[in-house]
């Protein structure tokens with residue numbers, strides 16, 4: 001029988017956390033205690049307080065910070081946990097199989113059966129013969145996710161909604177990791193480079209990493225795929241400046257890792273990790289249906305845990321690869337409850353069952369598709385001329401800004417650039433379009449030209465003279 005935790009020990013931890021309303025690390029709590037227990041004991045007590053809703057944990061692993069709930073919001077005990085879960089459940093219509101998985105992973109870890117990595121779960125999948133999504137589900141997703149546009153080059157649709165997607169996907173994917181930035185905080189960070197007051201620097205880093213990764217996927221839509229170049233670089237961008245080992249971003253895992261609050265033990269042999277990673281990429285590349293591809297990587301990449309950390313983030317952005325390339329609506333995980341997503345991933349880890357994650361995936365995609373259909377409608381039909389010259393416009397406008405050109409210098413540069421790169425019949429309209437864009441450039445839209453805030457501000461000082 002587990003030894004009962006003394007209430008005075010729990011109160012001491014709560015008092016230490018209460019002194020830091022914006023959050024405190026486990027080490028800071030240990031430093032504040034008169035007699036700090038061994039690290040494992042402290043982690044056990046912290047977990048008990050989090051499970052009992054007496055503390056809130058933001059972030060995971062070594063990034064976790066603990067805080068006391070706001071007055072009036074913490075009722076404590078099993079009743080409050082049930083209410084919080086019921087609030088999440090009300091959003092998500094679950095299948096019968098999804099309910100069963102959810103009920104299992106909600107049991108205390110000590111009541112769940114330890115599970116190791118099951119290679120057969122990957123080996124048994126046969127592209128275009130095995131399916132996680134039924135035929136009806138794939139048809140439904142294509143119907144809701146196909147925008148009413150003419151055939152266009154890969155990535156065109158994502159580029160049309162880029163500004164919204166950068167904010168939505170960066171915020172939602174970060175939020176699912178425990179990031180506490182609000183949507184407005186995220187928008188100001190991405191648009192203006194302003195960090196939110198009272199937030200950890202690593203939270204800003206996480207969001208900016210998402211922005212860079214999304215721009216990479218959309219900007220290289222013709223070149224990305226389920227290959228090492230794409231996935232390793234995607235990890236490098238998402239993990240930039242976040243891992244203890246500075247060489248770990250973009251590199252497959254050499255060390256063992258644990259999954260917090262799970263009885264799953266990931267694969268530990270580096271050679272086997274590499275074999276399975278390559279097998280996942282080869283299998284995903286061979287899948288014909290873009291939605292099956294997207295869901296397959298959401299299942300298999302986190303299950304393998306091929307990287308030291310940031311695996312789920314890689315899977316969420318990787319799921320957008322076939323959607324971006326196919327000019328389908330992006331998946332931004334709009335409104336997905338963090339608890340529901342975590343439980344769904346645990347179902348894959350511990351049971352090799354995908355039904356709960358599939359419930360989350362389909363529901364999230366329906367919401368994302370509706371959102372971006374509305375966004376595109378508000379934008380109106382794209383100008384075919386601008387669409388055809390989108391890369392030319394980006395290049396010449398970015399050059400003007402980065403070169404700190406004033407209006408006279410810009411006119412000369414654009415004229416010479418058009419003379420060298422644009423067909424004669426398009427040159428006059430191209431110059432007019434560039435000039436219109438430069439005159440309309442402001443702090444809320446410069447990101448579409450991949451211009452950094454510092455570059456925009458420095459140029460604006462010259463431009464406004």
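Quick notes on this one:
- Between residue 265 and residue 385, the FRET efficiency from the beta-carbon distance, with R0 = 51 Å, is close to 0.35.
- Dimensions (Å) - region 384-463, Cα atoms, principal axes, largest first: 35, 25, 16
- Theoretical gain in end-to-end length, residue 194 to residue 228 [0.36 nm per residue, Cα-Cα removed]: 8.9 nm
- Crossing angle, helix 7-18 versus the chain [Cα axis fit, 0-90 degrees, rounded to tens]: 20 degrees
- You can think of it this way: the chain between residue 52 and residue 420 has 125.7 nm of extra reach, that is 0.36 nm per residue less the Cα-Cα gap.
- Cα long-axis angle, helix 39-51 against the chain (0 to 90 degrees, to the nearest 10): 80 degrees
- Semi-axes of the equivalent ellipsoid for region 192-253, Cα gyration tensor, largest first, Å: 24, 16, 6
- To the nearest ten degrees, helix 407-421 and the longest principal axis of the Cα atoms of the chain are 80 degrees apart.
- Fewest-first ranking of 277, 296, using other Cβ atoms within 10 Å as the exposure measure: 277, 296
- If R0 is 41 Å, the Cβ-Cβ spacing of residue 452 and residue 285 corresponds to a FRET efficiency of close to 0.75.
- Inter-part distance, region 283-329 to region 99-135, computed on C-alpha centroids, equals 17 Å.
- Full-stretch length increase - residue 111, residue 428 - with 0.36 nm per residue and alpha-carbon distance subtracted: 106.9 nm
None of the figures in this text is laboratory data; all of them are computed from the coordinates on show. These figures come from a predicted structure and were not determined experimentally. In this analysis, Cβ positions are derived from the backbone assuming ideal geometry, glycine residues included, and neighbour counts consider all displayed protein chains.
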